[in-house]
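Read the structure below first, then the notes.
Derivation of every value follows stated rules applied to the coordinates shown; laboratory data play no part. Not measured: the values here are computed from a predicted model. Virtual Cβ from ideal backbone geometry, glycine too; neighbours counted across all protein chains shown.
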Amino acid sequence: MTELKLGKPPVVESWIAFDFEPSPNKVEWNGELANKLADSLSDRFPQKEDRWRTEFSIEILKAGQQPVSKKTKNIFDSVRIQNEESTRIFQIADDRIVCNQLKADGDWPGFDNLLDESLDLLTQYSQFFCPSGIKCAELHYVDIVEIPPPENDVSAQDEVVELDDYFELVRELPQTPFGLIASYKTEYVVICPQDKEPLVISLQTIPPPPEKNAIRIRLDWNKKCRKIDFSSHDTIREGLQKNHSFMAECFRASFTDKALELFEPEDSG
Amino acid sequence: MTFVIALEYPCDVAHNIDYSPFNQRRRQCEVTDAMQTPITNISIGDTRYPMRQACVGTYFRALEELSVQGVSPHIVGKGKSAEEASNDFCLKVHATLQSLINKRPFEMTDEDQLKLDVISQFIDVTVYQNTTPIKVRQFGRIRRARPYPESVAWDDGRVEQVPIDKVEDSDYVTYRSGQPFEAVVQRDPITFELIRIVSIERRHESHRMPAEEESQLLDEIGSLKNLRQNTEWTP
């Protein structure tokens, strides 16, 4: 398969996450070690944020009484560190790390860059937490596709955008009796033929800014990778690259040629 | 594409994979997504808005925009970081609400009403109005000071207890009985009970002109009757 190169790829965020088998000597998760790891990376990730969540226990004391909140527990959730430009984010949670890459001005650094950084952070995490192994890796992409309004401005209000002109994924509803679609949200779980793992694709309209008369669609691609060989960085790299290729293939098949024109495909030859 | 019937979702026993979209780890995805920006409270200065529910915004670093489902595109936060965009969003909500909150329904355009409806989805505007003290300018005089002021008579004739600790200006303690003053007063929006006096200043005794002088002044001002007699204007 020839790789599709895009001048303006729609991706705005991607992440690689790893879920771990904890070490047999694991102590209760309280964020202390995670904060130490975050501090050791402060030259690359100077902004740090501790994230907490609150859990309530609701109990009914006697039949007919109002339920009361008996216990409130603040639980340390994760540490989130990011670089100065907020384009690289590293999250350390209980037996889980996530490496996020956010699009800013300029070129998208690409999957290989994200993979390199994730494996580097995986090494750092492993040295601090000594997990027994990796249970699962996860690849996630977020795309924002902006469909411009019809060019004929004179009757622009009467013009409608046909979503299936742009997406192979979308099924239009018949105009009778439904009328026009004001917003859209749908989700597919497909089974990757290679490893029989689920790929979750969700597609939804999101609001454009008031000054733009356009349609914005958010696409999320989430692939769990439990069956790759986690024994070395090389095998992890290879496994994730295979999964990425599958997702890229699905991405290409999800759009019509008209939509791909929006992303300015480059001649790979 | 071939659909897998719901009852026959393949389940990989060895890896315990459930393909149902409902059982995928959605919360983990939401927590992991660095673009998700929760907005749990909106406070600007002393103003704190009661939230019906926390909103979750999505910050697009590439677009420098914070979009909140149900609120955007009417209100969109702008900024070079999620925090900056979140602050901008809160400021826009504050500015929009303050410009609308004192309008009577007949003064609102359709767009105003739409914005208020959108904001009311996540801010309880009625609770905000019912719990936000109103500020009024009032004139009065000290009614009793033994030895410190404790009771005032307002110019509408009402008498009210105003202890020292309800007045922010320390000079109030020196006011003597009969001292006229002008004050900015915070009151409960529902009961109109005094909450506190924000500022207070001494004023001179108001002067009423003698009856003869007052009558002369009214004659000089004239009346509609005189205007009709004197004018040469015809429609």
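A few notes on this one:
- Residue-averaged beta-carbon neighbours from other chains (10 angstrom radius) around B:150-156: 0
- Label-point gap, in nm, between residue A:172 and residue A:36 - each point 7 angstrom along Cα→Cβ: 6.1
- Overall Cα dimensions of region B:67-142, principal axis frame, Å, largest first: 55, 30, 18
- Counting, for every residue in A:102-111, the Cβ atoms of other protein chains within 10 Å of its Cβ and taking the mean gives 2.
- When each of A:103/A:185; A:242/B:78; A:36/A:135; A:26/A:71 is checked by Cα-Cα distance, pairs over 29 Å: A:242/B:78
- Residue among A:18, A:241, A:262 farthest towards the positive dipole end of the protein assembly as shown, charges placed on Cβ: A:18
- With contacts taken as Cα pairs under 8 Å at a separation of at least 6 residues, region A:1-103 carries a relative contact order of 33 percent.
- Along the axis of the charge dipole computed for the protein assembly as shown (Cβ charges of +1 for Lys and Arg, -1 for Asp and Glu, origin at the Cα centre), the listed residues A:181, A:92, A:207 are led at the positive end by A:92.
- The trypsin sites (Lys or Arg not before Pro) of region A:1-63 that DSSP puts in a loop, and whose beta carbon has at most 12 other beta carbons within 10 Å, are A:62.
- Over region B:49-185, the fraction of Cα-Cα pairs per 10 Å bin, rounded to whole percents and listed from the shortest bin up, is 11, 28, 18, 17, 17, 8, 1.
- Here the label points at residue A:105 and residue B:46, each 7 Å from Cα along the C-beta direction, are separated by 4.1 nm in the simple model.
- At least 24 Å along the helix axis (C-alpha) and Kyte average at least 1.6, DSSP helices within chain A: none
- Put a dot 7 Å past the Cα of residue B:192, heading toward its Cβ, do the same for residue B:204, and the two dots end up 3.1 nm apart.
- Binned Cα-Cα distance frequencies in the protein assembly as shown - 10 Å width, integer %: 3, 13, 19, 20, 15, 10, 8, 6, 4, 2, 0
- About its Cα centre, region B:91-193 has a charge dipole of approximately 420 debye under the convention of +1 per Lys or Arg Cβ and -1 per Asp or Glu Cβ, with nothing else charged.
- Expected-Rg normalisation [2.2 N^0.38 Å, Cα atoms] applied to region A:202-258: 1.63
- In region A:6-79, inverting the average of 1/r over every pair of distinct C-alpha atoms gives 16.9 Å as the Kirkwood radius.
- Cα centroid of region B:106-177 to Cα centroid of region A:185-225, whole Å: 52
- Checking every one of the GluC sites (Glu not before Pro) in region A:1-51 against DSSP loop status and a limit of 14 other Cβ atoms within 10 Å picks out A:3, A:28.
- Rg/Rh for chain A, where both radii come from Cα atoms and Rh is the Kirkwood radius: 1.04
- Shielding by partners for peptide B:62-71, expressed as the average number of C-beta atoms from other protein chains within 10 Å of each residue's C-beta, is 4.
- Gyration tensor (Cα) of region B:32-88, equivalent ellipsoid semi-axes in angstrom: 19, 12, 11
- 3J(HN,Hα) couplings calculated from phi for region B:111-122 with the Karplus curve 6.51 cos²θ - 1.76 cosθ + 1.60 (θ = phi - 60°) are, in sequence order, 5, 4, 5, 5, 5, 5, 4, 5, 5, 5, 5, 10 Hz; Gly and Pro show x.
- Net charge of Cβ neighbours under 11 Å - reference residue B:177; Lys, Arg +1; Asp, Glu -1: +4
- Residue ranges A:175-182, B:110-117, B:147-154 sort as B:147-154, B:110-117, A:175-182 when ordered by packing (mean number of other C-beta atoms within 10 Å per residue, highest first).
- Each Cα pair under 8 Å and six or more residues apart adds its sequence gap; the mean of these over the residue count of region B:129-218 is a relative contact order of 29 percent.
- Averaged over residues, the count of other Cβ atoms within 10 Å places the peptides B:40-53, A:83-96, A:215-228 in the sequence A:215-228, A:83-96, B:40-53, highest first.
- Compactness of region A:12-158, expressed as Rg and Dmax over alpha-carbon positions, Å: 21.4, 70
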